[in-house]
Amino acid sequence: MATIPDGELFKNEYITVRLEHAGRVVRIVRSAVPYPDPAAAEQAYAGLYPILDRIGRSGRCLLNDQRLSPGRNEPAFEAVFARIRNRTTPGFHRIGTLVQSKVGLLQVTRLIREDQVERLASNSESEILEYFGIASP
């Protein structure tokens with residue numbers, strides 16, 4: 001795992017990506033701005049993949065903060081987000097998804113079953129950090 005200082009790595013109107021906890025956590029924060037269409041969602045993440053490849057995933061945890069995200073479960077969006085997850089999540093030590101509501105928790109739990117990728121979904125950031133082996137502040 002390359003030593004890179006904590007801070008913002010990438011930002012557009014839909015997502016902000018930061019390195020946190022002494023480089024141990026990559027946090028992707030989804031904004032409240034709705035995607036106009038599935039192509040915009042796919043484009044929003046396109047610039048992220050080379051950054052993840054550059055900093056490396058090994059030894060790091062991924063915290064996907066979806067608390068502000070407008071819910072979308074139309075088939076076209078589901079297909080795009082499956083591709084995004086398949087390109088974003090491989091190689092991380094642990095993965096957690098932070099949600100705001102019970103509905104969000106149910107949706108992410110469904111996606112975890114479908115993807116068959118081990119990750120924790122929770123509405124508690126401290127629970128996710130504990131899962132990552134990081135003491136919450």
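Annotations
- Inter-residue pairs, beta-carbon under 8 Å, first among the acidic types (Asp, Glu) and in segment 36-51, second open to solvent by less than 30 Å² (accessible area, probe 1.4 Å), 6+ apart: Glu42/Val80; Glu42/Ile84
- Every listed requirement among (1) more than 13 Å from Phe92 (Cα to Cα); (2) hydrophobic (A, V, I, L, M, F, W, C); (3) modelled with pLDDT of 95 or more is met by Val25 save one, (1).
- Residue tally, condition among the aliphatic types (A, V, I, L, M) and open to solvent by 60 Å² or more (accessible area, probe 1.4 Å), over segment 123-136: 1
The values are calculated or read from the model by the stated rules, or taken from the named source; none is laboratory data. All values reported here derive from a predicted model rather than from experimental measurement. Cβ coordinates were reconstructed from backbone atoms using ideal geometry, including for glycine residues, and neighbour counts include every protein chain displayed. Surface accessibility is based on the protein's heavy atoms, side chains included, excluding ligands, DNA and RNA. Shrake-Rupley method; radii C 1.70, N 1.55, O 1.52, S 1.80 Å.
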